[in-house]
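A short worksheet on the structure shown next.
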Amino acid sequence: MSSPALTSQKAGLVRCETCGLLSKPFRPNIPGYCPRCGYRLFFRRHKTIQYTWALIIAAAICYIPANVLPVLTRMTITYTKEDTIIDGILALYLEGSWHLALIVLIASIIIPIAKLVALAYLLCIVQFRSRGANIDRMRLYRLTDFVGRWSMLDVFVVTFAVALVQLQPFLTAKPAPGVLFFAAVVVLTMLAAKTFDPRLIWDIDTTREDGNDR
Amino acid sequence: MEMTDNNDFSQIPQATPEPRKRIMFSVVWIIPILAAVVALGIAIDRFLSEGPTITIVFKTAEGVEAGKTFIKYKDVNIGQVTKVKLSKDYHKVVITAKIDKSAEGLLVDDAKFWVVQPRVTLSGVSGISTLLSGNYIGFEAGKGSTLRNDFQGLDIPPAVMETEPGRQFILQAPTLGSLGIGSPLYYRQLNVGRVVAYDLSKDGKSVMIRVFVNKPYDSYVTEETRFWQSSGLDVSLGANGLTVKTQSVLSLLIGGIAFEVPPFVKEDRPAEANAIYNLYADKATAMAQEDGVIVNYVLYFDESVHGLVPSAPVTLHGLSIGEVTAVGLEYSEANADTRPRVDIALYPERFLKRAQLSLHTTDQIRNRNACNTFLRRLVSRGLRAQLRSGNLLLGQRFITFEFFPKSAPIHVDWSHETPTLPVTASGLVDLEAKVNTILVKMEKIPYTEIGEELKLALKYMNETVKKLGEDILPEAKQTMTDLRRAIAAAEKILQSGEQNLVGTDAPAQQELREALREIARAARAVSVFTEYLEQNPSALIRGKIPKNP
């Protein structure tokens, strides 16, 4: 919609990602190092699309056991019960605290999957150079990046539960394998969001003939 | 958009000496591959460790909850109930449970499941742990080999675990009495086992009680062992005073069974499992020597057998040698008459052993012919069956064999299966005996002495009479004249009072007549009353019923 903005790459310049200094590349093809902070310069992040895809797929794979496997094992004298995240949400809902159930549902189920979908969407539009509202896409990316750290809620809950609920022999809690996968999902999506180079969104509007390596 | 730069050919790419690199797969792909491998690994592990899912059908799901109730074998969790629902016909409960992979091999054909609940019975308390842990499903592995997934749950825990050492025996009794599952079994007052099951026999005529004897004690159950109900008290009053016997306070409350080998048993072998025994009502019956051989005879009486019932004893010289098995009438076509027929069973072992006949070996004794031979000899010497009164108050009668040497010889058909033994009428014999005793007593009367004494007495009387005539008579004459005079005086008084007392209009006479009339009226009232009573006897209780027009 808006006319393509001039990018640094287009202008034959490279911007340091660390200190933000705009400098001329060492050679037209080789960006070289930042003259101010000495960090390695990239026209665009190294193989960003491939990296992001890999991390997203890994996260998607981990998402399944994270929800299927129990995250917490409760042991009382009389019985042992393993709870998955869904079980916890259901238990909260059935006890009447639907708001808490909603919070956990959003934080643990919806946000991870939304992150995955959002990143996959961004990667697709970058790969297929589908033109559109780049500002909105940029907002989506920022949101994804911002929200990432808050998805660790469940992991924190399990950690606290295990640490605090140790009333042996009456009640004990132990982490179950699901929580590991859950943490992996969160970490992988955060990394995926970090690896994704948002500058690519702006590249969509420019012509194909740019010599960056993806 | 066209590039509008100044250089014309600078943008024409230069050929490269090597083919352009294909898109290289970055190392980063290791991460999703690793994730996939781990996730897949866990999935496969889960799938492989997944035990079988079974269904158990129970009558009720009391205390069974999905996700909370475990299945335990030897107190080890081997599974968990995952679903509880009604059967399709709503009559039962189908419980779905997931069994651990490790316990898969236990799910054989005859595996047993039951709900373990706290149970408090007189014979003990079980399942106390379930008060804390909630009910669980007990499991007992079977001996079968074919695996299966659907089971029928037991209503009550199996009384005996397969693994419990010991053996089972079966007792046959006419009634169950106060026994129940868990009733103790005693051997020399030691609790050595318990009743584990009972059921009616197939024909419904007796109760089959299954008992379990614990391991070291089961060897004391031998082929000759006798079992008896030891429930309750055994109170006996003897020369030693009052004796109270009981197995234990527990058996006093809930009954029990005791067993022992009778002391007279010489040879004995350990019994095999599931052997069947009789359960006797008490120890005395149980320990009584059994009569191995029974020989049946028939007696025909020509008199009333009132008071004679089956099981009445048959005695010889006052010792019981058999019993009455049946009493009934028999109609004989020949003389168109009915007469009482009494079937008796004799136990030749009882009297042949004691009679010390020349029957040496047991085989001979256990022979009907031997008994017949023995009886034939006795009959020829005058042995006759006879009805006797056992108890004059209750009118019970029994049969006794007595010798009547003077009775006419009688023919007995010994070849018959149940020979008819000769009888003697009891009434005549009784009378004869009585007359006999009277005669004997009369014989013993000392007539001569009585005569002497009588003579003395007469002499004494003579003297007394003589004295009477001399001393007392004159005085008596005097008294008589006095009396006559008194009577004459009385006559005179009566005559003078006749006018007052006896005349027709005399007041006494009138009063007397009035009284008589009163009495007649009363008598009439009584007769009316009795008539009424005869018609309405209930009036005695309810009073006169008012007549409604």
Between B:Arg341 and residues 5 or more places away or on another chain, the pairs with built amide H atoms under 5 Å apart involve B:Gly328, B:Leu329, B:Glu330
Distance in nm between A:Lys174 and B:Asp110 label points, each 7 Å along Cα→Cβ, equals 3.8
Once both label points are put 7 Å beyond Cα along the C-beta direction, the A:Trp150-B:Thr55 separation in nm becomes 4.8
Shielding of A:57-67 by other chains, given as the mean Cβ count within 10 Å, works out to 5
Given a Förster distance of 56 Å, the FRET efficiency implied by the Cβ-Cβ spacing of A:Ile103 and A:Asn29, rounded to the nearest 0.05, works out to 0.65
Exposure-ranked with fewest Cβ neighbours within 10 Å first, B:Ile156, B:Ile54 stand as B:Ile156, B:Ile54
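What is the extension gain from B:Ala515 to B:Lys215, computed as 0.36 nm multiplied by their sequence separation minus the C-alpha to C-alpha distance, in nm to one decimal?
Details: separation 300, 0.36 × 300 = 108.00 nm, distance 9.98 nm.
Computed gain between B:Ala515 and B:Lys215 is 98.0 nm.
Once R0 is set to 45 Å, what does the formula 1/(1 + (r/R0)^6) return for the Cβ-Cβ distance between B:Trp414 and B:Thr437, expressed as a FRET efficiency to the nearest 0.05?
Efficiency, rounded to the nearest 0.05: 0.80.
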Ranked from fewest to most other Cβ atoms within 10 Å of their own Cβ, A:Arg36, B:Arg484, B:Arg368 fall in the order B:Arg484, A:Arg36, B:Arg368
Between the modelled labels at B:Arg524 and B:Glu18 (7 Å from Cα along Cα→Cβ) the distance in nm is 16.3
Expressed in angstrom and ordered largest first, the alpha-carbon extents of segment B:449-496 along the principal axes are 64, 21, 5
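Per residue of A:114-121, how many C-beta atoms from partner chains lie within 10 Å of its own C-beta, taken as a mean?
Values: counts 0, 0, 0, 0, 0, 0, 0, 0.
Averaged over the peptide's residues, the number is 0.
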Rounded to 0.05, the calculated FRET efficiency for the beta carbons of B:Glu470 and B:Ala490 at R₀ = 30 Å is 0.35
Segment A:45-203 -> Rg/Rh from Cα coords, Kirkwood Rh, value 1.08
Mean 1/r over distinct Cα pairs of segment B:49-154, inverted to a Kirkwood Rh in Å, yields 14.0
So the number of lysine pairs in segment A:45-203 with alpha-carbon atoms under 29 angstrom apart, 8 or more residues apart or on different chains, is 5
Residues B:Asp89, B:Asp343 in order from fewest to most other beta-carbon atoms within 10 Å are B:Asp89, B:Asp343
Only helices counted: for chain A, with every DSSP H run of 4 or more residues adding -39500 (n - 2.57) and the sum spread over all residues, [θ] at 222 nm is -16000 deg cm²/dmol
With Rh as the Kirkwood radius over Cα pairs, segment A:118-163 has Rg/Rh of 1.26
Inter-chain shielding metric for B:35-43, i.e. average beta-carbon neighbours from other chains within 10 angstrom, reads 6
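Taken together, the values in this text are just the output of simple stated rules run on the coordinates, not laboratory data. Note that the coordinates shown come from a computational prediction; the quantities given were computed from them, not determined experimentally. We place every Cβ from the backbone using ideal geometry, glycine too, and count neighbours over all the protein chains shown.
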